[in-house]
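> Would you mind keeping the following structure in view while I ask a few things?
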């Protein structure tokens with residue numbers, strides 16, 4: 001698989017400002033690094049947004065982070081298909097080829113306590129294994145299956161570029 | 001790739017008990033769900049260990065979690081190769097085919113502040129993109145590339161089994 005050229009965005013539902021900042025930041029950075037165009041955060045959290053914008057400034061690219069107040073209406077008005085990542089869903093590799101047919105794709109990630117309505121609102125409910133693990137891992141594998149790990153030059157506008165190195169760090173500053 | 005049949009274990013360095021419990025738990029659960037045999041946690045943290053053992057009890061399998069006091073000597077005495085996951089390393093897809101030749105594979109994940117010695121001690125330093133994201137995402141993609149996402153029946157001894165479902169939850173209890 002991989003090689004999907006449509007737009008992929010991520011919706012994170014049920015973030016708890018003050019409690020989850022690291023995990024939600026990991027989700028947003030994973031979305032950014034693995035080729036999603038935007039991260040929609042419900043509820044909005046200016047602290048997380050600031051961190052991601054700081055990474056954008058240093059590492060470049062056009063990734064967007066946006067706050068969402070009403071996730072239900074957000075999902076209902078999504079123009080393509082939505083894929084809810086949950087250990088209770090159908091197998092990833094069975095579903096992605098179908099989900100790709102209706103771009104743009106919205107990947108939806110909840111927390112431990114997801115409202116049951118989400119299972120109905122989602123176009124697909126998809127599992128990355130039926131074992132408990134991590135929404136960060138599930139998002140990473142799904143993006144990899146859809147888009148593939150980006151290679152090549154740093155994103156446009158990068159101030160910092162990291163080059164592959166067998167030992168230690170090779171960092172180039174573009175100023 | 002994928003399909004590697006050798007043993008894969010994970011070493012987490014620089015965990016901060018009391019500060020990182022969720023992130024480290026996500027790492028350990030990702031290791032378990034994606035086919036690693038063991039998670040070595042430096043320094044030891046009984047709270048995280050208890051959570052993982054609870055998941056083992058309910059979901060089955062033979063995954064081990066073990067505390068590590070001296071990560072340097074642990075790495076030096078590792079019988080196979082070690083692969084340190086870092087955004088500064090060489091590209092994952094270039095390195096994994098070589099790393100696989102010397103089983104068992106130890107995947108090493110640090111935190112934000114990794115001792116520079118680790119870059120020397122590791123058999124390989126490997127990047128899953130050269131952008132900042134998440135050690136959980138990096139571990140997930142590396143395990144997927146090595147082993148592939150497990151499918152099929154629940155692990156041996158499972159009390160709970162989750163079945164694929166297009167909507168809602170299908171949970172079987174084996175008692």
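> Quick one: which residue in B:115, B:153, B:166 is surrounded by fewer than 20 Cβ atoms within 10 Å (Cβ to Cβ), more than 8 Å from chain A (Cβ to nearest Cβ) and either closer than 26 Å to residue B:43 by Cα or modelled with pLDDT of 95 or more (or both)?
Numbers: B:153 fails: either closer than 26 Å to residue B:43 by Cα or modelled with pLDDT of 95 or more (or both); B:166 fails: more than 8 Å from chain A (Cβ to nearest Cβ).
Among B:115, B:153, B:166, only B:115 is surrounded by fewer than 20 Cβ atoms within 10 Å (Cβ to Cβ), more than 8 Å from chain A (Cβ to nearest Cβ) and either closer than 26 Å to residue B:43 by Cα or modelled with pLDDT of 95 or more (or both).
> OK, next. Does region B:99-111 include one or more residues that are farther than 18 Å from residue B:7 by Cα and facing chain A (nearest Cβ under 10 Å)?
Looking through region B:99-111, none of the residues is farther than 18 Å from residue B:7 by Cα and facing chain A (nearest Cβ under 10 Å).
> Which pairs have Cβ atoms under 8 Å, sit 6 or more apart or on different chains, and link a residue in region A:153-175 that is at positive phi to one that is assigned to a loop (DSSP other than H, G, I, E, B)?
A:157/A:60; A:157/A:61; A:168/B:116
> Look at residue B:134 and say whether it is at pLDDT 95 or above and surrounded by fewer than 19 Cβ atoms within 10 Å (Cβ to Cβ). I'd like the intermediate steps shown before the answer.
On the way: at pLDDT 95 or above: yes; surrounded by fewer than 19 Cβ atoms within 10 Å (Cβ to Cβ): no.
Criteria not met by residue B:134.
> Can you tell me how many residues within region B:40-64 are under 16 Å from the mean Cα position of the chain (by Cα) and within 14 Å of another protein chain (Cβ to nearest Cβ)?
Total satisfying the criteria: 9.
> Quickly run through region A:17-39 and pick out the residues that are more than 20 Å from residue B:139 (Cβ to Cβ) and facing another protein chain (nearest Cβ under 10 Å).
As a first pass, look at region A:17-39 and keep what is more than 20 Å from residue B:139 (Cβ to Cβ): A:17-19, A:21, A:37-39.
Residue satisfying the conditions is A:19 alone.
> Let me ask something else. Do we find that residue B:174 is facing chain A (nearest Cβ under 7 Å) and either more than 20 Å from the chain's Cα centre (by Cα) or more than 26 Å from residue A:87 (Cβ to Cβ) (or both) in this structure?
Considered against the rule, which asks whether it is facing chain A (nearest Cβ under 7 Å) and either more than 20 Å from the chain's Cα centre (by Cα) or more than 26 Å from residue A:87 (Cβ to Cβ) (or both), residue B:174 comes out as no.
> Mind checking which residues of region A:155-167 are in a loop (DSSP other than H, G, I, E, B) and touching a helix residue (DSSP H, G or I) at 6+ places or on another chain (Cβ under 7 Å)?
Here is the first cut: in region A:155-167, the residues in a loop (DSSP other than H, G, I, E, B) are A:155-159, A:164-167.
Residues satisfying the conditions are A:155, A:158, A:159, A:167.
> Would you mind finding the one in A:81, A:102 that is over 27 Å from residue B:143 (Cβ atoms) and in contact with a helix residue (DSSP H, G or I) (Cβ under 7 Å, 6 or more places away or on another chain)?
On the way: A:102 fails: in contact with a helix residue (DSSP H, G or I) (Cβ under 7 Å, 6 or more places away or on another chain).
Selected residue: A:81, the only one of A:81, A:102 that is over 27 Å from residue B:143 (Cβ atoms) and in contact with a helix residue (DSSP H, G or I) (Cβ under 7 Å, 6 or more places away or on another chain).
> If you don't mind, there's one more thing I want to ask. Can you confirm whether region B:122-137 contains a residue that is free of Cβ contacts under 8 Å to residues at least 40 places away in the same chain, more than 9 Å from chain A (Cβ to nearest Cβ), part of a loop (DSSP other than H, G, I, E, B) and under 16 Å from the mean Cα position of the chain (by Cα)?
Checked against the condition, which is being free of Cβ contacts under 8 Å to residues at least 40 places away in the same chain, more than 9 Å from chain A (Cβ to nearest Cβ), part of a loop (DSSP other than H, G, I, E, B) and under 16 Å from the mean Cα position of the chain (by Cα), region B:122-137 yields no hits at all.
> Give the residue, chosen from A:130, A:42, that is in contact with a helix residue (DSSP H, G or I) (Cβ under 7 Å, 6 or more places away or on another chain) and more than 22 Å from residue B:138 (Cβ to Cβ). Before the answer, list the steps.
Values: A:130 fails: in contact with a helix residue (DSSP H, G or I) (Cβ under 7 Å, 6 or more places away or on another chain).
Of A:130, A:42, the one residue that is in contact with a helix residue (DSSP H, G or I) (Cβ under 7 Å, 6 or more places away or on another chain) and more than 22 Å from residue B:138 (Cβ to Cβ) is A:42.
> In region A:138-150, what residues are within 7 Å of another protein chain (Cβ to nearest Cβ) and at pLDDT 95 or above?
To start, the set of residues in region A:138-150 that are within 7 Å of another protein chain (Cβ to nearest Cβ) comprises A:140-141, A:144, A:149-150.
Selection gives A:140, A:141, A:144.
The values are calculated or read from the model by the stated rules, or taken from the named source; none is laboratory data. Everything quoted here is computed from the prediction, not taken from an experiment. Please note: Cβ atoms are built from the backbone with ideal geometry, for glycine as well, and neighbour counts cover all protein chains shown.
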